Every structure is written in structure tokens, then in C-alpha cells.
1. Identify the residue in the range 131-148 that is in a strand (DSSP E or B) and touching a Pro at 6+ places or on another chain (Cβ under 9 Å) and, among all such residues, is farthest from THR13 (Cα to Cα).
2. I need the full set of residues from the range 23-50 which are at pLDDT 95 or above and of a type in the set (S, T, N, Q), in order please.
3. List pairs: first in the range 10-33 and within 13 Å of HIS48 (Cα to Cα) and free of Cβ contacts under 8 Å to residues at least 60 places away in the same chain, second part of a helix (DSSP H, G or I) and open to solvent by less than 30 Å² (accessible area, probe 1.4 Å), Cβ under 8 Å, 6+ apart or cross-chain?
4. Test each condition in (1) closer than 27 Å to MET178 by Cα; (2) buried (at least 19 other Cβ atoms within 10 Å of the Cβ) for ILE20 and report the one that comes out false.
5. THR85 - would you say it is in contact (Cβ under 8 Å) with a residue 12 or more places away in the chain, farther than 24 Å from THR138 by Cβ and crowded, with 19+ Cβ neighbours inside 10 Å?
6. Run down PHE53, PHE101, PHE94 and say which single residue is at pLDDT 95 or above, of a type outside the set (S, T, N, Q) and either farther than 25 Å from GLU157 by Cα or open to solvent by 70 Å² or more (accessible area, probe 1.4 Å) (or both).
7. Give the residue that is modelled with the highest pLDDT, with candidates limited to residues of the range 122-174 that are of a type in the set (Gly, Ala, Ser), out of contact with any Lys or Arg (no Cβ under 6 Å at 6 or more places or on another chain) and buried (at least 16 other Cβ atoms within 10 Å of the Cβ).
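The values are calculated or read from the model by the stated rules, or taken from the named source; none is laboratory data. All values derive from a computational prediction rather than experimental measurement. Here the Cβ is made from the backbone with ideal geometry for all residues, glycine too, and neighbour counts use every protein chain on show. Please note that ligands, DNA and RNA were not included when accessible areas were found on the heavy atoms of the full protein model with its side chains. Shrake-Rupley method; radii C 1.70, N 1.55, O 1.52, S 1.80 Å.
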Amino acid sequence: MQYFILNNLIYDTNLLKQNIKNIQNWEYYGSGRTRLGVVLSDKDTIKHIASKFNKPKDIIYKIESNCIHPYERVLPHTDHDRRVTCNIPVSGDFDNSFVKFYANNTTGSAIPVAPNTTKPNTAKRYDNAEMLGKVSYTKPICFDTQNIHGVDNLTKEIRYIITISFRLDLSYENILNMYNNGDLLK
């Protein structure tokens with residue numbers, strides 16, 4: 001399990017909550033109780049988050065909002081169109097919902113998407129992946145989204161996060177080194 005917590009990333013939770021709860025146009029990956037809502041974040045959220053990073057135009061590819069409804073899960077998967085993420089908790093029961101990490105010892109299959117989804121989908125689901133461990137987090141977390149991961153929100157609160165996708169040519173090690181050297185955040 002490779003991840004690190006960004007304890008010193010300070011952001012305005014109230015601004016992010018207000019912005020994310022006003023979103024109406026979620027696109028869902030997966031179906032039923034195993035889905036993830038994704039949408040490009042609004043301009044105020046993007047500006048606020050980007051302002052916390054050194055040279056954001058050089059390292060950030062996109063900033064999106066995610067939601068997982070109560071008692072829903074995101075099955076073991078790898079992401080499409082990104083390599084390293086920083087997930088920022090905004091609203092939900094983060095003490096009792098988890099990101100899980102899995103061994104890369106199985107073959108993946110395409111993830112079904114809702115009919116109104118317009119984004120190309122290269123994500124894969126891994127039905128037989130072996131869980132290595134789980135992490136609940138109340139501070140931002142970074143990890144490699146090409147490692148198999150999933151989320152359980154088996155709580156009664158919707159789980160909202162902001163996800164930062166770093167440029168595709170930046171590896172997990174690049175981002176971790178930037179953080180450790182004081183070059184990632186302002």
C-alpha cells in the first residue's frame with residue numbers, strides 16, 4: 001500500500017462543501033450500489049485548490065468532484081485518464097468510510113457506465129482482487145490510481161471529495177519527493 005497524507009494542505013472546507021453540494025450534473029461510473037459520481041469541479045473550487053500548490057499549471061492535470069452515496073461501494077479498480085491523485089475530504093463520515101488497496105494479482109474488465117456518461121472509459125474493475133489493507137482519512141491523501149483501489153461508504157452520509165489529478169508524466173515517487181522536499185505545496 002503506497003500512500004501518504006498531506007497534513008499541511010490547508011483549504012476552506014465550507015467553500016468546498018457549498019460548491020460540491022450544488023452540483024447537479026454528476027456522471028456515474030458503475031451502477032446500482034457500486035458506483036462513483038464524477039464531475040469537473042467548478043471554477044471557484046479549482047482556483048481555491050490550485051492556489052495551494054506550487055506551480056499548479058505545471059503539475060495539475062485536472063480537478064474533479066466525486067461523490068459516493070450512503071451504503072454504496074466503489075469496487076476494486078484502476079482509474080482512467082490519470083496516474084496519481086490527491087483526494088481531499090470535503091463532507092461525509094470519513095472516520096468510518098475507507099479507501100482500500102488491493103494486490104495487482106488478477107485480470108481486470110471494463111467498468112460499465114451510465115447511459116448519460118460522455119467521457120471515454122479506460123478504467124478497469126478487478127472482481128477477484130485480494131485486499132491488502134484499508135485507510136480512513138480525514139486529511140488529504142495521495143496515491144497511485146493505477147494500483148488497484150476501491151472505496152466503501154457503508155455509512156448514512158454521502159461522501160464528497162475533491163480529486164486532483166497530477167500530470168500523467170508525474171509518478172507517485174515524483175509527487176512524494178516534491179512533497180517531502182517542500183516543493184509541492186505553498
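1. Checked the range 131-148; the qualifying residue farthest from THR13 (Cα to Cα) is MET131.
2. SER41, THR45
3. Close Cβ pairs (under 8 Å, with a partner that is part of a helix (DSSP H, G or I) and open to solvent by less than 30 Å² (accessible area, probe 1.4 Å)) amount to LEU15/THR45; ASN19/THR45.
4. Going through (1) closer than 27 Å to MET178 by Cα; (2) buried (at least 19 other Cβ atoms within 10 Å of the Cβ) one by one, ILE20 breaks only (1).
5. no
6. PHE53
7. ALA129
For (1) within 22 Å of GLY182 (Cα to Cα); (2) in contact with a Ser or Thr (Cβ under 7 Å, 6 or more places away or on another chain); (3) modelled with pLDDT of 95 or more, each residue gets a yes or a no:
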site: LEU15; (1), (2), (3): no, no, yes
site: ASN66; (1), (2), (3): no, yes, yes
site: PRO70; (1), (2), (3): no, yes, yes
site: ASN87; (1), (2), (3): yes, yes, yes
